[in-house]
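Okay, so here's the structure we're looking at.
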Amino acid sequence: MGHLSALVALLGALTLLNLLLTFGIIRRLRTRPANPIVTTPGFLSPGTLIGDFTGHDLDGRPVSRSALSGRTLVGFFSPGCDACRDMLPDFVAAAAAFGRDRTLAIVMSGVASASDYLPALTPVARVVPDDPDGPLISAFAITAFPSFFVVAADGRIVAGGVALDDLPIAAVA
């Protein structure tokens, strides 16, 4: 009977410790800003000027850094990438806030292998095919897929990350 009482006391002490640690984490999370601009290692940091690039979207319209107008949402996708496929619905929803002319979806490996993405992306974004060594991949220094950026009209990175939650989507102006 004494062992059972000791076990119950130990369990109670561990539960109390867990509760105190949980409250400490909650208090610390409340001190963080509501929407911090997050930078991910390996991504261009906010304020960085992206490299020059030129290309054409699937409609044949030219795409370049100098042609950016207003804040632009840019997403990089690679066929066969499970994370890209998982993030596609969120990107499509975010693109609605920016509008088709201010959303670029760069799809790797050309149009033929990206056919799974085209029905979802074409109505909401200007789709630009690119190669692994292509001008857009180089301009944004892409090292991971999917990758997402918000770019200002002057070509400077506002935010970037591997998740759309990292970007200030609601602050489109």
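The values are calculated or read from the model by the stated rules, or taken from the named source; none is laboratory data. If you're wondering where the values come from, they're calculated on a predicted model, not measured in any experiment. Glycine gets a Cβ as well: all are built from the backbone with ideal geometry, and neighbour counts include every protein chain shown. Surface areas here come from the heavy atoms of the whole protein model, side chains and all, with no ligands, DNA or RNA. Shrake-Rupley method; radii C 1.70, N 1.55, O 1.52, S 1.80 Å.
At a 1.4 Å probe radius, which order do T54, T22 fall into by accessible area, largest first?
Ranking T54, T22 by accessible area, largest first, yields T54, T22.
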Treating the stretch 52-173 as a set of equal point scatterers at the Cα positions, no solvent, please give the Debye-formula log₁₀ I(q)/I(0) at q = 0.20 Å⁻¹. -1.11
For the chain, which whole-number percentage of the solvent-accessible area (1.4 Å probe, protein heavy atoms only) is attributable to carbon and sulfur atoms? 61
Can you give the % of DSSP beta bridges in the chain that are antiparallel, to the nearest 5? 55
What 222 nm value per residue comes from the helices of the chain, counting each DSSP H run with n ≥ 4 as -39,500 (n - 2.57) and dividing by all residues, nearest 500 deg cm²/dmol? -10500 deg cm²/dmol
Rank these residues by their accessible area, most exposed first, probe 1.4 Å: I169, I157, I26. I26, I169, I157
Just to check I understand the Karplus step: with θ = phi - 60° and J = 6.51 cos²θ - 1.76 cosθ + 1.60, what whole-Hz values come out for the stretch 43-60, glycine and proline as x? 10, 5, 7, x, x, 6, 7, 6, x, 5, 8, 9, x, 9, 7, 5, 7, x
The farthest towards the positive end of the charge dipole of the chain, of the residues F98, A144, H56, given +1 on Cβ of Lys and Arg and -1 on Cβ of Asp and Glu, is F98
Using the alpha carbons of the stretch 125-168, what is the convex hull volume per residue in cubic angstrom, as a whole number? 92
Could you put V128, V158 in order of accessible surface area, largest first, with the 1.4 Å probe and the full protein assembly present? V158, V128
Explain nothing, just compute: Karplus ³J(HN,Hα) = 6.51 cos²θ - 1.76 cosθ + 1.60, θ = phi - 60°, for every residue of the stretch 139-153 in order, whole Hz, x for Gly and Pro. 4, 9, 6, 6, 10, 8, 10, x, 9, 9, 9, 10, 10, 6, 4
³J(HN,Hα) computed for each position of the stretch 7-13 - Karplus, 6.51 cos²θ - 1.76 cosθ + 1.60, integer Hz, glycine/proline x: 5, 5, 5, 5, 4, x, 5
Interchain or long-range residues, amide H under 5 Å from G70's placed H: A153
Just how much of L7 is accessible, in Å², when a 1.4 Å probe is used and the result is rounded to the nearest 10? 110
Taking H placed 1.01 Å from N in the peptide plane, check which residues at least 5 places from D116 or on another chain put their amide H under 5 Å from its amide H. none
